[in-house]
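The block underneath contains the structure these notes are about, expressed in structure tokens.
The values are calculated or read from the model by the stated rules, or taken from the named source; none is laboratory data. Owing to the predicted nature of the structure, the values given are computational and were not obtained by experimental measurement. Counting neighbours? That spans all protein chains shown, and the Cβs are built from the backbone with ideal geometry, glycine included. Quick note on the areas: whole protein, heavy atoms, side chains included, nothing else; ligands and nucleic acids left out. Shrake-Rupley method; radii C 1.70, N 1.55, O 1.52, S 1.80 Å.
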Amino acid sequence: MYIHQTYCISAQQDLLQDDIEQINEPIDKKLLAIEPSYEKIPPGILRRMGKSIRMGVGAALPLISETKVDGIILGSANAGMDDCVKFLNQMVQYEEGQLTPGSFVQSTGNVIAGQLGLITKNKGYNITHIHLGLAFENALLDAMMQLNANASNSYLVGGVDEISPFHYNIETLAGSYKSEDISNKKLYESDSPGCVVGEGATMFIVNNSADGAIAKVKAISSLHSSDLDLVQQQLKSFLQKNLAEGETIDLFLSGENGDNRTLPFYQAVESIAGEDTAIVRYKHMTGDFATASALGLWYACQFLKNQSLPGHMLKRQSSKAAFSNILIYNNFKGVQHSFVLVSAN
Amino acid sequence: MSRIFITGMGIVSAVGNSVAANHEALKANTCGIQYKLDLFPSKYAGLLPFGLVALSNEELLKALKVTESGVTRTSLLGLYALNEALADSKISTEEIQSFDTALIGANTVGGMCLTDELYNDANAKTDGSDYLGSYDCASVNLFLQRHLKINGVINTINTACSSSANAIMYGAMLMNNGYARRAIVGGTDSLAKFTINGFNSLHILSNEICTPFDEGRKGLNLGEGAAWLILEKEEDIKGKNVYAELTGYSNANDAYHPSSLSDEGDGPFLSMQGALKLAKLTPDKIDFINAHGTGTENNDEVESRAMIRLFGKPPAFASTKGNVGHTLGAAGAIEAVYSILSLQHQEVYANLHFKNTIPSTGLTPVEWYTKMPVNHVMSNSFGFGGNCSSLIFSKV
């Protein structure tokens, strides 16, 4: 499967900003998305959209408002959650009285893909994967399978999640976020539990044509486990299966997020990646959330295209002059693991 | 593409807590929808009818021997039906935990059945309940993964009321693409104050027992339940009970309105047509359609019109929403079990509470329990967001 176009909305105006002093810092411990003006969304509709819907539709339309795709495949852990609690609050406050259905209709997890189908009049395959930290990876896998069945098709694949106030409260109570205020420049030195929360929307156009592609998604694998050995084993067999004899990983794109509870997993994966593999981190730019790995794939695409990356993203240099094979590893809450292997065309 | 067979089924619904109980209830025209709501306090208790599973949370916890805290009714119903499906298929613990066994489940309610806890946690009014990790829909399959120690691909799908049809489809795709050798697929949803008020705000809940495809239909009744299928490949089914073959599936979008179907029913038409194409069947080969048939003004008329558009004269069809209500994320899986029962026993079940045809379509659903040859059954599921899916099961 080949990636041809990308678009993303994230906490940074420029996700490839070289100067670490110029990157946006968390505000109130949150790396909030810098939203564009959404010129392609009709104003009447835009006004009624919750943030994740706005970001998802807003990131997709630049790619599919003019180019027709054969289907829409999204991953989102919590799309609609904000409207869900808005409706819930209305229900509790008005004691199940006469409620307006607006929030209820927008509260279903499939709301972004549904809106995109509606706005672009796309009657093709339309699905939303919501499996938390593997929602985007399942969307990616789905697209690969759709392309195996329908070789000449193109699909929109993406991942979207927002920091909704209600979800933020729940995750804060659950201890998912750092309790201390921390600069994202110091994120990886923090040695404390929790991450800095982020949000965003990332979209890709994928098909089977190598012609003019930015990157190739070679393989995806996922696992649920809190067993470090099992994760290492799975990675070894993944690499064995998907790398040719003598082929190595040039760049390891790590989902390291400053949470000292998941750091051992990232370190274990680093140890397998190879001695001359560059290690790159991105979550100090994006923050972490269930579908942040979609931004990881966006980064892999840019690195392959530009063959350069901001210095502050590097955890370890490599002697290689160019990179082709990129391994993306993401760990969500210590239990959901994903490996994505991406290469230059 | 390898052939995919169903070797195990499990179900819990308003008409019974096992496949056998559901089968007897369908044959006997049993309606499980009642003016009774004791799961939580609600002003609609006694005023609106619901299709509740006759097992309390305490009974479920005890029967399932679940001691973990923070497990929701949605998860418990899911595990209850899943245990039956796993035992029925006789797949071993080793196979369940093998790296090539996938678990693909759908639900739309997740932990939203816990209105008070969610209200307090989401609005930061407490120090946190036991359910902080249980509100999102993925929590159900994460619980099942932990409980059964599943190592293969795991996914949760939400396409509203067509969710579990897509879970079945995704499991089959994983098997066809070499990502799984077998797949556990299905869905679960529990009744929630949230969904009652949501559907009520759209004025599509009937205060009477629902009457799918009837001229005087007044809306849907909400239900709850869960169902799972065990999908296995041709090479793995020797010596096993094989209930049916999954021969067709398709997903399309109606692209018309967030919460209602287009007049022409493009989405339903395309999903039914796509499933036929994959199954390499002409429309005349379908003997019976398990219709989505929710009992709303919009759905039943549009679904009828789309059936007429595709089939000319549609085959025998019926909705089982009059038995169990609309079980949302579980509906596609529950109705898959009912479709397979029709194939297994060569019979079709009555569309309950039907009186008069909708004048504009002139279609009459199956009115009585009938023994008849059934070789191919189509099952439809349509949802908010224009998400339409159709499955085809075939006799083995």
| note | Per-residue ellipticity at 222 nm attributable to helices in chain B (runs of n ≥ 4 DSSP H, -39500 (n - 2.57) apiece, nearest 500 deg cm²/dmol) works out to -9500 deg cm²/dmol
| note | Spelling it out for B:Phe317: with amide H atoms placed in the peptide plane at 1.01 Å from N, the residues 5 or more places away or on another chain with amide H under 5 Å from its amide H are B:Ile289, B:Val366
| In what order, largest first, do B:Tyr338, B:Tyr369 sit by accessible area if the probe radius is 1.4 Å? | B:Tyr369, B:Tyr338
| How high is the relative contact order of chain B, in percent, counting Cα pairs under 8 Å that sit 6 or more residues apart? | 23
| said: Give me, ordered by chain and number, the residues 5 or more places off A:Arg261 or on other chains with an amide H under 5 Å from its own placed amide H. | reply: A:Gly194
| Which shape class applies to chain B: rounded if a/c is under 1.5, otherwise prolate when a/b exceeds b/c and oblate if not, where a ≥ b ≥ c are the square roots of the Cα gyration tensor eigenvalues? | oblate
| said: If packing is taken as the average number of other Cβ atoms within 10 Å across a peptide's residues, how do B:183-192, A:144-153, A:285-294 rank, most packed first? | reply: B:183-192, A:285-294, A:144-153
| query | Gaussian network model of chain A, Cα springs within a sub-10 Å range: biggest mean-square fluctuation belongs to which of A:Glu95, A:Glu66, A:Glu137? | reply | A:Glu95
| task | Report, as an integer, the average count of C-beta atoms from other chains found within 10 Å of each Cβ along A:83-89. | result | 5
| DSSP beta bridges in the protein assembly as shown, what fraction antiparallel, as a percent rounded to 5? | 65
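Specify whether the C-alpha gyration tensor of the range A:2-207 places it in the rounded, prolate or oblate class, a ≥ b ≥ c being the square roots of the eigenvalues: rounded for a/c under 1.5, otherwise prolate if a/b is larger than b/c and oblate if not.
Numbers: a/c = 1.73, a/b = 1.15, b/c = 1.51.
Oblate is the answer for the range A:2-207, as a/c is 1.5 or above yet b/c matches or exceeds a/b.
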| field | Nearest 10 degrees, 0 to 90: helix A:135-149 Cα axis against chain A principal axis | value | 80
| request: Determine, for the range A:215-343, the count of lysine pairs separated by eight or more sequence positions (or lying on different chains) whose alpha-carbon distance falls under 15 Å. | output: 4
| Solvent exposure, largest accessible area first (probe 1.4 Å, DNA, RNA and ligands not counted), of B:Glu264, A:Glu35, B:Glu335 | B:Glu264, A:Glu35, B:Glu335
| message | Cβ neighbours within 10 Å, averaged per peptide: list B:299-310, B:193-204, B:320-331 in order, most packed at the top. | response | B:320-331, B:299-310, B:193-204
| query | Whole number please: convex hull volume per residue of the Cα set in the range B:43-108, in Å³? | reply | 147
| query | Quick one: if you take sqrt(5λ) for each eigenvalue of the C-alpha gyration tensor of the range B:329-396, what semi-axes come out, biggest first, whole angstrom? | reply | 20, 20, 11
| query | Pairing the Cα long axis of helix A:228-242 with the longest principal axis of chain A, what angle in degrees results, from 0 to 90 and rounded to the nearest 10? | reply | 70
| query | Which whole number gives the average, over all residues in B:376-386, of C-beta atoms from other chains lying within 10 Å of the residue C-beta? | reply | 3
| note | Note, the range B:246-261: 3J(HN,Hα) by Karplus (6.51, -1.76, 1.60, θ = phi - 60°), whole Hz, Gly/Pro = x, goes 8, 9, x, 7, 7, 10, 9, 10, 7, 6, 10, 7, x, 10, 8, 8
| field | Cα shape, the range A:1-89, gyration tensor, a/c 1.5 rule | value | oblate
| Contact order normalised by residue count of chain A, Cα under 8 Å, 6+ apart, percent | 24
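May I ask for the accessible area buried between chains B and A, both sides summed, probe 1.4 Å, to the nearest 100 Å²?
In total, chains B and A hide about 5000 Å² from solvent.
On average, how many beta carbons from a partner chain sit within 10 Å of the beta carbon of a residue in A:140-147?
Mean partner-chain Cβ count within 10 Å for A:140-147: 3.
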| message | Would you report the distance distribution of C-alpha pairs in chain A as whole percents per 20 angstrom bin, up to the bin with the largest distance? | response | 32, 59, 9, 0
| note | The answer for the net charge of residues other than B:Phe393 whose Cβ lies under 15 angstrom from its Cβ, with Lys and Arg +1 and Asp and Glu -1, is -1
| Relative contact order of the range B:250-394: what whole-number percent is it, with Cα pairs under 8 angstrom and at least 6 residues apart? | 36
| message | What are the equivalent ellipsoid semi-axes of the range B:250-394, built from the alpha-carbon gyration tensor (square roots of five times its eigenvalues), in whole angstrom, biggest first? | response | 20, 17, 15
| request: Report, in cubic angstrom per residue, the convex hull volume of the C-alpha atoms of the protein assembly as shown. | output: 143
| task | Within the set of other residues whose C-beta is less than 14 Å from the C-beta of A:Ser52, count the net charge using Lys and Arg as +1 and Asp and Glu as -1. | result | -3
| query | How large is ³J(HN,Hα), in whole Hz, for each residue of the range B:120-126 in order, when computed from phi with the Karplus curve 6.51 cos²θ - 1.76 cosθ + 1.60 and θ = phi - 60°, using x for Gly and Pro? | reply | 6, 5, 5, 9, 6, 9, 9
| field | P(r) of the range B:171-225 over all Cα-Cα pairs, binned every 10 Å from zero, in whole percent | value | 21, 30, 19, 22, 9
| said: Report the Rg/Rh value for the range A:147-255, based on alpha-carbon coordinates and the Kirkwood definition of Rh. | reply: 1.03
